[in-house]
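Here's the structure, in structure tokens; my notes come after.
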Amino acid sequence: MPNTKGHTLVADVSSCFLSEPVDVEKYGVIYGGVQKNVGPAGVVIVIIREDLITDDVLPGTPTMLKYKTHADADSLYNTPPSYGIYICGKVFKWLKKQGGLGAMKEYNERKAKILYDFLDRSKLFRGTVRKEDRSLMNVPFVTGNEELDAKFVKEAKAAGFENLKGHRSVGGMRASIYNAMPIEGVEKLVEFMEKFEAENVNA
Ligand SMILES: *Cc1c(COP(=O)(O)O)cnc(C)c1O
């Protein structure tokens, strides 16, 4: 958590939404698109402190983009995407059945550790984020050689691993391991990376 020195903390938590417990009281606004951990694209969930729901918005803000509009209408100002919300409800129930967000955190930590431990001992791959800042949800890594990165992404795709190409602004690789990714998926990826390493180190 950043030290905001008394300023209101506003967070877009889309990436890590419902992947671990959050102390809601520390935030002024928590904003999250549901499309990564919770449900289908098209729904966002906003948790906002009551005193921040006001008419004091930037001049020209459309009615539709004011939180007060939605709060006053119980989130029914327009027709909401009910099917997406229904699926989110299913996921909330599933999360409870897993043991809640504490249990999800424990599972996600175990899951991410498998990949980070491999990256830390690999002779070919390395993680690109400082240890203390590592994400449980997105694991960026590189070989240090762009051609080899491209070869890895191509061979991984052929082996059935999707979307390992890194974000367009940073390159390399990125494994997204959101709530829906089981531990077995990460184990398979590490197996594949070990094989790729054996075939390509000193090659
Ligand atoms: C993923 C993400 C977005 C964008 O989501 P899209 O699915 O690409 O629309 C925005 N903000 C944060 C923090 C995210 O993690």
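In this label model, residue 50 and residue 199 are separated by 6.1 nm, measuring between points 7 Å along each Cα→Cβ vector. Couplings for the range 38-44, taken from phi via the Karplus curve 6.51 cos²θ - 1.76 cosθ + 1.60 with θ = phi - 60°, read 10, x, x, 4, x, 10, 10 Hz in order; Gly and Pro are left as x.
Could you provide, to the nearest whole Å², the per residue accessible area of the range 101-200 with probe 1.4 Å? Can you show the working numbers first?
Details: 5850 Å² over 100 residues.
It amounts to 59 Å² per residue over the range 101-200.
Between residue 180 and residue 73, the FRET efficiency from the beta-carbon distance, with R0 = 25 Å, is close to 0.20.
Quick check on the chain: helices-only [θ] at 222 nm, where DSSP H runs of length 4 and up contribute -39,500 (n - 2.57) each and the sum goes over total residues. Nearest 500, please. Mind showing how you got there, number by number?
On the way: 5 runs with 75 residues, N = 203.
That comes out to -12000 deg cm²/dmol.
Taking label points 7 Å from Cα along the Cα-to-Cβ direction, residue 167 and residue 58 give a separation of 2.2 nm. Carbon and sulfur together cover what percent of the accessible area of the chain at a 1.4 Å probe radius? Here carbon and sulfur together make up 54 percent of the probe-accessible area. Evaluating 6.51 cos²θ - 1.76 cosθ + 1.60 at θ = phi - 60° for every residue in the range 189-202, the Karplus couplings come out as 4, 5, 4, 5, 5, 4, 5, 4, 4, 4, 7, 10, 6, 6 Hz, glycine and proline recorded as x. Only Cα sites of the range 10-97 enter the Debye sum here, all with the same form factor; the resulting log10 I(q)/I(0) across q = 0.15, 0.16, 0.19, 0.22 1/Å is -0.64, -0.73, -1.00, -1.24, listed in q order. Put simply, the amide H of residue 174, placed in the peptide plane, has neighbours under 5 Å in 141, 165, 166, leaving out anything fewer than 5 places away on its chain. In 5 Å bins starting at 0, how do the alpha-carbon pair distances of the chain split up by percent? Cα pair-distance distribution for the chain, in percent: 1, 6, 12, 15, 16, 13, 12, 9, 7, 4, 2, 1, 0.
The values are calculated or read from the model by the stated rules, or taken from the named source; none is laboratory data. As the structure is a computational prediction, the values presented were derived from the model and not from experiment. Positions of Cβ are generated from backbone atoms using ideal geometry, with glycine treated the same way; all protein chains shown enter the neighbour counts. For the accessible areas, the whole protein counts, side chains as well, though only heavy atoms, and no ligand, DNA or RNA atoms are used. Shrake-Rupley method; radii C 1.70, N 1.55, O 1.52, S 1.80 Å.
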